[in-house]
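The structure under discussion appears below in the form of structure tokens.
The values are calculated or read from the model by the stated rules, or taken from the named source; none is laboratory data. Values in this document were obtained by computation on a predicted structure and should not be read as measured data. Cβ atoms come from the backbone with ideal geometry, glycine included; neighbour counts cover every protein chain shown. Quick note on the areas: whole protein, heavy atoms, side chains included, nothing else; ligands and nucleic acids left out. Shrake-Rupley method; radii C 1.70, N 1.55, O 1.52, S 1.80 Å.
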Amino acid sequence: MLLIYCPYCEEERAELEFRNGGDAHIARPTNMAEISDEEFEAYFFLRENPKGVIFERWRHIHGCGRFFNAARDTVSDRFITTYKAGEPKPVLDAEPKTPATVETYEALEGAAQ
Ligand SMILES: [Zn+2]
């Protein structure tokens, strides 16, 4: 079972208590009525979806109910850190190389050859 640390409850809880809220740190345009359809599309729909570390919003929906942010590795599904909403994006060291991450990368590279 995947455990997620809620920075408000200050404890790890089961994944089933949380809901993903999409990408974190998306800035809403201040001139929404003036932007073009293409600019609105880029703000509202388009995301990078990289392989590796991403920053996401999460909500402890069956706990305190609050939103917080998390840095998560999409390859290993490992949560690197969580932090309260409104706090700046943490500066992470170089891409984490957990055993699961390394094994997954090696498996993908081997499958591609
Ligand atoms: Zn909580």
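What number of residues within region 54-86 satisfy the criterion of being outside any strand (DSSP E or B), more than 13 Å from the ligand (Cβ to nearest atom) and in contact with a strand residue (DSSP E or B) (Cβ under 7 Å, 6 or more places away or on another chain)?
Matching residues across region 54-86 total 1.
Determine, yes or no, whether residue 53 is in contact with a helix residue (DSSP H, G or I) (Cβ under 6 Å, 6 or more places away or on another chain) and open to solvent by less than 50 Å² (accessible area, probe 1.4 Å).
Against the criterion (in contact with a helix residue (DSSP H, G or I) (Cβ under 6 Å, 6 or more places away or on another chain) and open to solvent by less than 50 Å² (accessible area, probe 1.4 Å)), residue 53 does not qualify.
Give the number of residues within region 19-50 that are open to solvent by less than 70 Å² (accessible area, probe 1.4 Å), assigned to a loop (DSSP other than H, G, I, E, B) and at positive phi.
The total comes to 0.
Of the residues that sit in region 1-31 and are polar (S, T, N, Q) and over 13 Å from residue 57 (Cβ atoms), which one is farthest from the chain's Cα centre (by Cα)?
31
If we keep just the residues of region 75-92 that are of a type in the set (S, T, N, Q) and at pLDDT 95 or above, which is farthest from residue 22 (Cα to Cα)?
My answer is 81.
Please name all residue pairs, on different chains or six or more residues apart, with Cβ atoms under 7 Å, provided the first residue is in region 42-71 and is closer than 22 Å to residue 87 by Cα and among the small types (Gly, Ala, Ser) and the second residue is open to solvent by less than 20 Å² (accessible area, probe 1.4 Å) and within 16 Å of the ligand (Cβ to nearest atom).
63/6; 70/56
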